[in-house]
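The structure appears right after this line, and notes come after that.
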Amino acid sequence: MTTPLHCRTFIDNEFRTGTETFDRRNPATGDVVAIADRADAQTVDAAVSAARRAFGGWGTTSVFERGALLRELARTALDRLEDLATSMTLEMGKPLGEARGEVRKFAQAMRFYAEEAERIGGETIPNESTDYLSVVRKEPVGPVAAITPWNYPVELVGWKLGGALGAGCTMVVKPSEYTPGAAHILAECIRDAGFPPGVVNVVHGGGEVGALLAGHPRIAKIAFTGSNATGQELFRTVSGVTQLTMELGGSCPMLVSRHADLDLAAAGAVRRSFRNAGQICIAINRIYVEREVVGDFTDRVAELTRALTVDDGLANPDADVGPVTMEEIRDRTAAHVADARERGGRVVAGGEPHPAGGLFLQPTVVVDAPHEARIMTEETFGPAVGITPVDSLDEAVEHANAVPGGLAAYLFTEDLGETMGVSAALDFGNVAVNNVDAGIINAPYGGRRESGFGSEHGRAGLEGYLQLKHVRIRHTH
């Protein structure tokens, strides 16, 4: 790929050049790496109209044809693996090795939903009279708008794209203004895979473009991943009875029992706290550790954290942590650490400016952070984590559930009773025990409470784009 990449509107399988543009700079170097055409109301309406026209044919296409095209999209994306991965690293900073893994997960999602599409069924229901038969059909809801974030700019498009296209919906994608390049290359992959014109369309811009899509009367459903604040604004913007799936993140806790394998728990804590520089909806923000093992656990976490490599993810593809994506995250992370210190917390790893400056941060661990500290009550979305001791797992569960948000929680224990009891008591949509991978493509993934509603992944990630129709047939006179 060439830089800066010109990211254009994609409608009816054609790239269209706009009149107003915006730049995206590499967070590691400050260089301009992408120039995107900003959509206006007329452009958004053209994209929605294309999706609406295409829906008439795509929604009635054989599920086997849809499955074949999704498999072909997986292949074309893997053919462009280096371009897609490089665009992510240049635009939002994640190490190149990690970005390559994200492209592979996109392909996995396409293959999964190709299979799920071919298994869409219905049911027959008996009536009181044998002269009648009721048939329940599953049909696509219509054109969908996908509004996606910058932290996983390929994978999170894939979750929505695979489910919606497999169900027979058409789509308008509005990627984050921080990662237009990845979406532009994905649009090239969609064109090359052979999808009919209008089935997938891409428009670029910020919140104003998302609002135009959310309020558009011809959009049947919005699939959104992003912050709680943006999600609430979007909720107020949605037109009429438009359906919604919203994944809004939240402050995710980890609970460590005195019966835990502390080496396993520490490795998991470091991976899920600092991967992607902590810029993950299911990143661990706060850790509650039973008091008798908190010292040993903290020592292990601090040692592993100090060993992490922080570097430009393109210059060093195997770096553990790249720069954060924007100044807002850098400043918020620093503020959360400072607040914890002021309240009596102790920094045992990181906490100082990174020698490279700019948007590079040292992964930071704060121990004895009080429960009211910002790092323990707010989503940092950066490379910092708080650890605090508790007297029991019951106390840990109480604190875990008390903070707004219910996306993911983590528990480490070798005790089966604790596993069953605590996982049931945690009010979160996803609970991972003795591991930190809360989501897999073939199981439902979604939040509770302030973390949104609806599911992605698994069969539920396709069913959310379907609606039921009851056909009651009198077949005997």
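The values are calculated or read from the model by the stated rules, or taken from the named source; none is laboratory data. Keep in mind it's a predicted model, so treat the numbers as computed, not measured. Cβ coordinates were reconstructed from backbone atoms using ideal geometry, including for glycine residues, and neighbour counts include every protein chain displayed.
Of all residues being without any contact (Cβ under 8 Å) to a residue 60 or more places away in the chain and in contact with a helix residue (DSSP H, G or I) (Cβ under 6 Å, 6 or more places away or on another chain) in the range 352-370, which is nearest to residue 152 (Cα to Cα)? Just the residue, please. Checking each candidate, the answer is 364. Within the span defined as the range 437-449, every residue fails to be among the aliphatic types (A, V, I, L, M), out of contact with any Pro (no Cβ under 7 Å at 6 or more places or on another chain) and over 30 Å from residue 165 (Cα atoms). In the range 441-477, of all residues being among the hydrophobic types (A, V, I, L, M, F, W, C) and either more than 21 Å from residue 428 (Cβ to Cβ) or touching a His at 6+ places or on another chain (Cβ under 8 Å) (or both), the one that is surrounded by the most Cβ atoms within 10 Å (Cβ to Cβ) corresponds to 462.
Sort through 70, 81 and tell me the only one that's surrounded by fewer than 19 Cβ atoms within 10 Å (Cβ to Cβ) and under 21 Å from the mean Cα position of the chain (by Cα). Every option except 81 fails the conditions. Of 28, 46, all but one fail to be of a type in the set (A, V, I, L, M) and closer than 27 Å to residue 102 by Cβ; the exception is 28. Regarding the range 118-132, can at least one residue be identified that is at pLDDT below 95 and in contact with a Gly (Cβ under 6 Å, 6 or more places away or on another chain)? Looking through the range 118-132, at least one residue is at pLDDT below 95 and in contact with a Gly (Cβ under 6 Å, 6 or more places away or on another chain). Sub-8 Å Cβ pairs linking a first residue in the range 420-446 that is touching a residue at least 24 places away in the same chain (Cβ under 8 Å) and within 13 Å of residue 283 (Cα to Cα) to a second residue that is part of a helix (DSSP H, G or I) and of a type in the set (Lys, Arg), at least 6 apart or interchain, are 436/271; 436/272, ordered by first then second residue.
Can you confirm whether the range 427-447 contains a residue that is outside the structural domain of residue 166 (by TED's automatic domain parsing) and among the aromatic types (Phe, Trp, Tyr)? Within the range 427-447, one or more residues are outside the structural domain of residue 166 (by TED's automatic domain parsing) and among the aromatic types (Phe, Trp, Tyr). Taking the condition buried (at least 23 other Cβ atoms within 10 Å of the Cβ) and more than 30 Å from residue 304 (Cα to Cα), does residue 177 pass? No. When the residues of the range 1-54 are filtered to those that are among the hydroxyl-bearing types (Ser, Thr, Tyr), exposed (fewer than 15 other Cβ atoms within 10 Å of the Cβ) and over 30 Å from residue 317 (Cβ atoms), the one that is modelled with the highest pLDDT is 17. How many residues are closer than 15 Å to residue 29 by Cα and hydroxyl-bearing (Ser, Thr, Tyr) when one looks only at the range 309-331? Summing the residues that are closer than 15 Å to residue 29 by Cα and hydroxyl-bearing (Ser, Thr, Tyr) in the range 309-331 gives 1. Within the range 239-258, identify whether any single residue is under 26 Å from residue 101 (Cβ atoms), charged (D, E, K, R) and modelled with pLDDT under 95, and answer yes or no. Taking every residue of the range 239-258 in turn, at least one turns out to be under 26 Å from residue 101 (Cβ atoms), charged (D, E, K, R) and modelled with pLDDT under 95. Within the group 211, 183, which residue is within 14 Å of residue 148 (Cα to Cα), at pLDDT 95 or above and of a type in the set (Gly, Ala, Ser)? That would be 183, the only listed residue that is within 14 Å of residue 148 (Cα to Cα), at pLDDT 95 or above and of a type in the set (Gly, Ala, Ser). Residues in the range 103-120 that are closer than 15 Å to residue 440 by Cβ, crowded, with 20+ Cβ neighbours inside 10 Å and not small (Gly, Ala, Ser): 106, 112, 113, 116.
None of 233, 208 is within 17 Å of residue 41 (Cα to Cα) and either surrounded by fewer than 16 Cβ atoms within 10 Å (Cβ to Cβ) or basic (Lys, Arg) (or both) except 208. Looking at 51, 36, which is the one that is among the small types (Gly, Ala, Ser) and over 23 Å from the mean Cα position of the chain (by Cα)? When all the criteria are applied, what remains is 51. Among the conditions (1) surrounded by fewer than 24 Cβ atoms within 10 Å (Cβ to Cβ); (2) in contact with a Cys (Cβ under 6 Å, 6 or more places away or on another chain); (3) not β-branched (Val, Ile, Thr), the only one that residue 193 does not satisfy is (2).
Within the range 308-336, residues that are closer than 21 Å to residue 266 by Cα reach partners that are surrounded by fewer than 17 Cβ atoms within 10 Å (Cβ to Cβ) and of a type in the set (Ser, Thr, Tyr) with beta carbons closer than 6 Å, at six or more positions or on different chains, in the pairs 319/309; 320/309. With a requirement of 1 or more residues that are among the acidic types (Asp, Glu) and assigned by TED's automatic domain parsing to the domain that holds residue 281, none of the strands (runs of 3 or more DSSP E) lying completely within the range 111-176 satisfies it. For the range 389-419, a residue qualifies if it is without any contact (Cβ under 8 Å) to a residue 40 or more places away in the chain and either more than 23 Å from residue 451 (Cα to Cα) or in contact with a Ser or Thr (Cβ under 7 Å, 6 or more places away or on another chain) (or both), and the qualifying residues are 416, 417, 419.
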